[in-house]
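The values are calculated or read from the model by the stated rules, or taken from the named source; none is laboratory data. Being a predicted model, the structure only gives us computed values, none of them experimental. Cβ placement follows ideal geometry from the backbone for every residue including glycine, while neighbour counts extend to all protein chains displayed.
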Amino acid sequence: MSNFNMGPKVHFGVGELKELRNINCKRAFIVTDPFMVTSGFINRVTEHLEAASIAYEIFSEIVPDPPLEVVSKGIKAMDKFNPDALIAMGGGSAIDASKAISYFRALVKKGISPEIEVKKPLFIAIPTTSGTGSEVTAFSVITDKKFNVKYPLVDEDMVPDMAILDAELVKSVPPAITADTGIDVLTHAIEAYVSTKNSDFTDALAEKAIKLVFKYLPKAYKDGSDLEAREKMHNASCIAGIAFTNSSLGVNHSMAHILGGRFHIPHGKANALVLPYVIEYNADIKSIGRNEYTKAAERYAEIARFLGLTSSNSVREGVKALINGVKNLIRSLGIPNKIKDLNISSSEFDKNLTDMAEIALKDGCTPTNPREPKVEELKELFKKVYNGM
């Protein structure tokens, strides 16, 4: 039996933070990063809480790729404050950390007192980048610094209750981050579209997100003050998030997770480096006859057609057109096309190659990839990503 989770209630547009005045709570625990505090961004949230006479405490120790140690600190701070609402404000790291903090806090409490029902605080996610879609997903990614590994966690209990998409919050995001996070959105949508768990529902969302990215990401990258482009990319991130939280992802993310964990490559950039090669691998058009295509190849060709990248009905031509279209988009955003360009030595990369391939194979995103990979195939993919085509 299949199902589709619609996700949280979403408020979107300009000036939507005012909705915080209407939430039903008395004590809010805010999870964010230091920049949100020092820049005064957090005041855009707290002013509404103060207007509604809601007490709050700010936990601002979130860092990129949040480690287990920060999650542990957050659990202790949240437990001490004992809120009835949790507000995550920031990029994917802040929202992912908030999910883990709330989720593991509840698990610990249940473990200590199984007979007591643990009431989950109202969870509100406010993204300040347009990329992860974490504000509407059951996914969280936490880093184990000891082993340099990112762990994707998946549980419906981690889905926020409300998401607030305020385009004003993303106007000042720098071009490089706009590019990286924007390609993360594209990767979410493309992987959802070809996932083994795709459905009519996820297809509709993924298709819309892909179209929005191709149309509005270049505009948001070139002019951050373009409020329409910012709002459309914010919406695309959320739409793609709803798609992939239902369909899951694929080896593109499996590879990006370990690349980020091992070499500290920003997540969106890691996805961008991998994407053209994963499309080629999943389509597998080189090893099959001209009239026999994998389902993934046909799906990729559909994407190329609805984007207007090709007018041909040939699956082979469609796949090639999509790969070229993705490469051109990535190039226009100033993102490198190979890991070698990131000053990561070939000796260091080769030393980690087998381990990375084995970890990617076991990643939680791999089972829904349209082509079942082997360790040796993943090693070859990593090599292509390092050297470029």
Within the set of pairs 6+ apart or on separate chains, which have a first residue in the stretch 203-219 that is among the β-branched types (V, I, T), a second that is surrounded by fewer than 17 Cβ atoms within 10 Å (Cβ to Cβ) and part of a helix (DSSP H, G or I), and C-beta atoms under 9 Å apart?
-> I210/F306
Can you work out which of the residues in the stretch 98-130 that are in a loop (DSSP other than H, G, I, E, B) and modelled with pLDDT of 95 or more is farthest from the chain's Cα centre (by Cα)?
-> P121
A304 being farther than 19 Å from G261 by Cβ, outside any loop (DSSP other than H, G, I, E, B) and free of Cβ contacts under 8 Å to residues at least 40 places away in the same chain | yes
Scan the stretch 357-384 residue by residue and report those that are part of a helix (DSSP H, G or I), within 20 Å of the chain's Cα centre (by Cα) and farther than 21 Å from T294 by Cβ.
-> I359, K362
Can you confirm whether the stretch 310-328 contains a residue that is in a loop (DSSP other than H, G, I, E, B) and under 22 Å from N387 (Cβ atoms)?
-> no
Looking only at residues in the stretch 261-288 that are small (G, A, S) and either surrounded by fewer than 24 Cβ atoms within 10 Å (Cβ to Cβ) or not in a helix (DSSP H, G or I) (or both), which one is modelled with the highest pLDDT?
-> G261
Would you please name the residue that is farthest from P218 (Cα to Cα), looking only at residues in the stretch 141-200 that are part of a loop (DSSP other than H, G, I, E, B) and of a type in the set (A, V, I, L, M)?
-> V159
Return a yes/no flag: does the stretch 181-190 have any residue that is among the charged types (D, E, K, R) and buried (at least 24 other Cβ atoms within 10 Å of the Cβ).
-> yes
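Which one of N337, N369, N291, N352 is closer than 28 Å to S140 by Cα, modelled with pLDDT under 95 and either in the same structural domain as K215 (by TED's automatic domain parsing) or of a type in the set (F, W, Y) (or both)?
Residue meeting the stated conditions: N337.
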Considering only strands (runs of 3 or more DSSP E) fully contained in the stretch 4-82, which possess at least 3 residues that are surrounded by 15 or more Cβ atoms within 10 Å (Cβ to Cβ), under 20 Å from the mean Cα position of the chain (by Cα) and on the phi > 0 side of the Ramachandran plot?
-> none
